[in-house]
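**Q** Okay, handing you the structure first.
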Amino acid sequence: MQMTTPHCPMMSWLPIAADFRGDLRTALDCAKQTDRLENLAALTSYRLGFLETVQLDRAYGRLGLKEAPGFLPLRLAVLASSTVDHLLPAIRVGGLRRRLLIDVQSGGYGQYRQDLLDPTSALHQFAPQAILFSLSAREAISAIPLTTTAAEVEETIARHIKELRSFWQKAREICNGVILQQTFLDVSEPLFGSYDRFVPGAPSRIAARLNDRLCEAAAQDGILLLDVARASERDGIDAWFDTGRWFQGKLEVAPQAAPLYGDMVARTLAAQHGLSKKCLVLDLDNTLWGGVIGDDGLEGIVLGEGNAAGEAHLALQRYAKQLKERGVILAVCSKNDAEIAEAAFHDHPEMLLRRSDIAAFLANWDDKAENLKAIAAHLNIGIDSLVFVDDNPVERARIRQSLPMVAVPELPADVAQYVRCVADAGYFEAVAFTSEDRHRAQQYTENAEREALLGSAQSMDEFLRGLKMSVVFGPFTVVDHARVVQLINKTNQFNTTTRRYTSEEIAYLTSLPSALTLQFRLLDRIGDNGLISTMILRPASDQEGVLEIENWVMSCRVFGRQLEFEAMNIAVEAARRRGARALIANYIATSKNGVISELYPSLGFALVDQTAQTGGAVRWFLNLADYVIRDTYIARVGAAG
Amino acid sequence: MTTQEILIVFTRILRDLLLDDSIALTMETRREDIPNWDSFNYINFIVAVEMEFGVKFKIADVESFANVGAIVAAAMTMVR
């Protein structure tokens with residue numbers, strides 16, 4: 001008898017749990033709710049199929065937690081034209097994998113128009129912080145007869161896209177967070193065969209055009225995509241769409257694709273909150289090249305054209321280099337003698353990655369967990385920003401055990417699959433591509449030069465003076481808009497309130513006369529550090545003549561350069577020019593911003609009586625008449641608004 | 001596989017799905033006999049069984065299975 005096996009997208013980068021059922025039940029037996037949550041979150045680092053996902057979600061649901069220390073709560077509404085109930089557990093589990101507590105709400109399928117328009121709808125009551133549109137191409141396809149001319153097809157599609165944009169507009173009125181639009185799955189069958197591509201009214205052609213136009217409109221309107229169309233091309237449409245499930249319950253996304261779907265939603269939401277990974281840490285032997293350089297020598301390693309495995313290792317190097325070009329930091333962590341390892345980068349003719357591509361290079365015989373900590377510290381990024389790629393299962397297990405916050409892809413046995421595995425995991429999901437991203441690698445290289453300078457300087461003062469720093473500053477500009485949005489939303493350490501802003505909110509603040517916005521770019525004799533700090537001040541709601549620092553962020557790249565002092569000098573002068581008499585500021589502690597817990601007192605702010613405070617914010621006050629402009633080694637260029 | 005072996009796997013799947021280790025399926029068990037085994041979780045169960053055994057049930061059968069025994073019987077015809 002012939003069997004039809006269900007197709008299923010594989011989350012192959014995640015390791016398989018030895019005893020998921022047992023671990024889940026053990027997790028639920030913990031006495032404390034927060035321990036149960038931590039244990040469940042730990043289980044999400046394993047490869048979960050449909051059943052495990054439902055199971056884990058049910059266990060999570062039993063905790064009934066809306067918030068927990070170290071987790072970010074987020075309300076997500078799903079507006080759908082098909083059944084999505086089976087996707088919601090996977091969205092929550094995907095969130096848990098990134099320490100997001102996603103509260104998902106979905107209306108009845110096909111109800112989204114009314115839900116958007118009716119101010120008394122459950123959707124409005126829910127006050128979502130993110131909205132996902134999960135729509136089908138069926139409506140558009142059924143509205144276009146096969147015999148329709150190309151021009152008429154375009155017109156109908158344009159009408160559909162216009163309606164979609166009106167939904168986005170409505171969604172914006174409800175939600176000031178991210179709006180996500182799912183691309184259209186092409187679930188159609190061929191009518192003419194390959195000739196379908198020449199027939200404007202053919203269903204597959206319509207779906208393709210819809211997606212083209214959708215992407216253009218989304219890019220213009222600042223809407224983020226959930227590209228299930230691309231995923232279904234990768235996994236095959238049978239993995240993403242199951243005709244039986246459609247007939248049974250109007251499921252447009254197959255249940256077996258739910259775990260990946262949920263992970264993709266969570267990736268994008270996490271990216272929006274600055275939780276994507278930042279650094280790819282690569283092992284060397286049998287990862288970047290074949291063989292062991294210490295044993296086989298420079299000539300003995302397998303790398304480059306003319307050898308299948310050598311080409312596959314080179315493909316991984318090429319992929320890493322492309323990631324670097326889009327702003328991912330590269331590092332090396334290898335058990336090797338440093339000189340031997342570095343020699344490959346300098347002297348091997350087939351090496352695509354050069355030593356200068358690597359921002360942190362640790363080749364030694366120390367424990368790799370310690371080396372990863374050192375890499376994170378050296379780059380001044382969180383350990384949870386690292387992805388560690390190593391062919392050795394023992395090293396992988398060791399890192400997962402001792403540093404569970406590091407992402408460790410379960411590399412397949414065959415080097416041919418390495419790139420796919422790392423790419424499929426979506427570690428570096430982005431919500432923007434800015435000029436800062438393009439120059440990041442350069443900036444890390446320059447930072448290494450600065451560190452060399454620091455090493456040779458007799459004192460911190462001498463180092464800072466020697467840098468010949470200058471700050472270019474002014475109000476937010478349209479030109480720098482995308483970078484400002486990205487910086488505010490990605491910065492976790494030097495971030496006073498961790499308040500996130502959408503593109504529209506920043507555009508609004510930029511144009512709002514009462515708001516005092518400041519952006520700072522730091523230059524020095526080594527190079528341009530880029531736009532690395534922003535500040536948003538607005539009139540305090542309850543006190544006349546007082547400006548509140550609603551948010552202040554600074555990139556970790558420029559910590560310890562006195563920029564916080566010069567930025568405050570600038571802010572104070574700008575506030576004085578506006579006739580303000582005082583500044584107030586909140587510091588809201590998170591698991592990541594402890595580095596600035598003493599920021600405001602160090603700038604001369606006084607603690608406001610805490611008795612009336614709520615929500616964990618520490619409130620600080622600065623009388624502008626008392627503020628003395630502080631001397632720094634940073635010269636000023638530009639004028640405050 | 002024997003019907004008994006399949007029934008054991010079915011029981012495990014439904015226990016996991018509903019996170020209820022007290023569930024004990026027999027060939028005569030009907031959906032309404034099990035708390036929370038609603039239509040949503042019925043489809044979830046079918047999906048999980050299909051993935052576990054690498055089979056696909058006919059949609060007409062899925063709508064008309066009278067009890068667990070009927071599902072076991074249908075699975076038997078497809079599982080080696």
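**Q** Name, by its number, the condition in (1) free of Cβ contacts under 8 Å to residues at least 60 places away in the same chain; (2) of a type in the set (A, V, I, L, M); (3) over 30 Å from A:Leu512 (Cβ atoms) that does not hold for A:Ala432.
**A** Of everything listed in (1) free of Cβ contacts under 8 Å to residues at least 60 places away in the same chain; (2) of a type in the set (A, V, I, L, M); (3) over 30 Å from A:Leu512 (Cβ atoms), A:Ala432 misses just condition (3).
**Q** Another question, if that's okay. Do we have B:Val79 as touching a residue at least 40 places away in the same chain (Cβ under 8 Å) and within 10 Å of chain A (Cβ to nearest Cβ) here?
**A** In short, yes.
**Q** Looking at A:Gly310, A:Gly304, A:Gly300, which is the one that is open to solvent by 10 Å² or more (accessible area, probe 1.4 Å) and either on the phi < 0 side of the Ramachandran plot or not aliphatic (A, V, I, L, M) (or both)?
**A** A:Gly300
**Q** Would you say A:Arg525 is among the charged types (D, E, K, R), in contact with a Leu (Cβ under 7 Å, 6 or more places away or on another chain) and surrounded by fewer than 19 Cβ atoms within 10 Å (Cβ to Cβ)?
**A** In short, yes.
**Q** Out of (1) open to solvent by less than 80 Å² (accessible area, probe 1.4 Å); (2) outside any helix (DSSP H, G or I), the odd one out for B:Pro35 is which?
**A** (1)
**Q** Please name all residue pairs, on different chains or six or more residues apart, with Cβ atoms under 6 Å, provided the first residue is in region B:1-22 and is within 16 Å of A:Pro89 (Cβ to Cβ) and within 14 Å of chain A (Cβ to nearest Cβ) and the second residue is open to solvent by 80 Å² or more (accessible area, probe 1.4 Å) and in a loop (DSSP other than H, G, I, E, B).
**A** Taking only residues 6 or more apart or on different chains, the pairs are B:Leu18/B:Asn36.
**Q** Please report, ordered by residue number, the helices (runs of 4 or more DSSP H) entirely within region A:208-280 with at least 2 residues that are within 14 Å of chain B (Cβ to nearest Cβ).
**A** By residue number, A:237-240, A:243-249, A:258-272.
**Q** Criterion first (in contact with a Pro (Cβ under 6 Å, 6 or more places away or on another chain) and without any contact (Cβ under 8 Å) to a residue 40 or more places away in the chain) does A:Asp196 satisfy it?
**A** Considered against the rule, which asks whether it is in contact with a Pro (Cβ under 6 Å, 6 or more places away or on another chain) and without any contact (Cβ under 8 Å) to a residue 40 or more places away in the chain, A:Asp196 comes out as yes.
**Q** Within region B:26-37, is there a residue that is on the phi > 0 side of the Ramachandran plot and more than 8 Å from every other protein chain (Cβ to nearest Cβ)?
**A** Yes - at least one qualifying residue is present in region B:26-37.
**Q** Find the helices (runs of 4 or more DSSP H) located wholly in region A:70-174 whose residues include 2 or more that are within 30 Å of A:Asn492 (Cα to Cα), and list them.
**A** A:88-97, A:122-126, A:150-174
**Q** Quick one: would you say A:Val78 is farther than 28 Å from A:Asp414 by Cβ, touching a residue at least 24 places away in the same chain (Cβ under 8 Å), more than 14 Å from every other protein chain (Cβ to nearest Cβ) and crowded, with 21+ Cβ neighbours inside 10 Å?
**A** yes
**Q** Give the residue that is most open to solvent (accessible area, probe 1.4 Å), with candidates limited to residues of region A:591-629 that are β-branched (Val, Ile, Thr), under 32 Å from the mean Cα position of the chain (by Cα) and within 16 Å of A:Glu550 (Cβ to Cβ).
**A** A:Val618
**Q** When you check B:Asp61 against the structure, is it part of a helix (DSSP H, G or I), more than 8 Å from chain A (Cβ to nearest Cβ) and open to solvent by 30 Å² or more (accessible area, probe 1.4 Å), yes or no?
**A** It is true that B:Asp61 is part of a helix (DSSP H, G or I), more than 8 Å from chain A (Cβ to nearest Cβ) and open to solvent by 30 Å² or more (accessible area, probe 1.4 Å).
**Q** Being more than 26 Å from A:Ala90 (Cβ to Cβ), touching a Lys or Arg at 6+ places or on another chain (Cβ under 8 Å) and without any contact (Cβ under 8 Å) to a residue 60 or more places away in the chain narrows it down to one residue among A:Glu173, A:Glu154; which is it?
**A** A:Glu154
**Q** Give A:Leu537, A:Leu547, A:Leu516 a once-over and let me know the one that is among the hydrophobic types (A, V, I, L, M, F, W, C), in contact (Cβ under 8 Å) with a residue 60 or more places away in the chain and buried (at least 22 other Cβ atoms within 10 Å of the Cβ).
**A** A:Leu516 is the lone residue from the list that is among the hydrophobic types (A, V, I, L, M, F, W, C), in contact (Cβ under 8 Å) with a residue 60 or more places away in the chain and buried (at least 22 other Cβ atoms within 10 Å of the Cβ).
**Q** Considering only region A:47-75, state which residues are surrounded by 17 or more Cβ atoms within 10 Å (Cβ to Cβ), in contact (Cβ under 8 Å) with a residue 12 or more places away in the chain, at the interface with another protein chain (Cβ under 10 Å from one of its Cβ atoms) and farther than 15 Å from A:Val104 by Cβ.
**A** Selection gives A:Gly49, A:Phe50, A:Glu52, A:Gln55, A:Ala59.
**Q** Residue by residue through region B:41-51, note down the ones that are in contact with a Lys or Arg (Cβ under 9 Å, 6 or more places away or on another chain) and facing chain A (nearest Cβ under 8 Å).
**A** Passing the criteria: B:Ile43, B:Val47, B:Glu50.
**Q** Within region A:184-193, can one find any residue that is open to solvent by 10 Å² or more (accessible area, probe 1.4 Å), modelled with pLDDT of 95 or more and not in a loop (DSSP other than H, G, I, E, B)?
**A** So far as region A:184-193 goes, yes, one or more of its residues are open to solvent by 10 Å² or more (accessible area, probe 1.4 Å), modelled with pLDDT of 95 or more and not in a loop (DSSP other than H, G, I, E, B).
**Q** I'm checking my understanding of the structure. Among residues of region A:8-46 that are assigned to a loop (DSSP other than H, G, I, E, B) and hydroxyl-bearing (Ser, Thr, Tyr), which one is farthest from the other protein chains (Cβ to nearest Cβ)?
**A** In this case the residue turns out to be A:Ser45.
**Q** Here are the criteria: (1) under 22 Å from A:Val253 (Cα atoms); (2) more than 12 Å from chain A (Cβ to nearest Cβ). Tell me which single one B:Gly69 does not satisfy.
**A** (1)
The values are calculated or read from the model by the stated rules, or taken from the named source; none is laboratory data. Source: prediction; values computed, not measured. In this analysis, Cβ positions are derived from the backbone assuming ideal geometry, glycine residues included, and neighbour counts consider all displayed protein chains. Side chains are part of the model used for accessible areas, which takes the heavy atoms of the whole protein and leaves out ligands, DNA and RNA. Shrake-Rupley method; radii C 1.70, N 1.55, O 1.52, S 1.80 Å.
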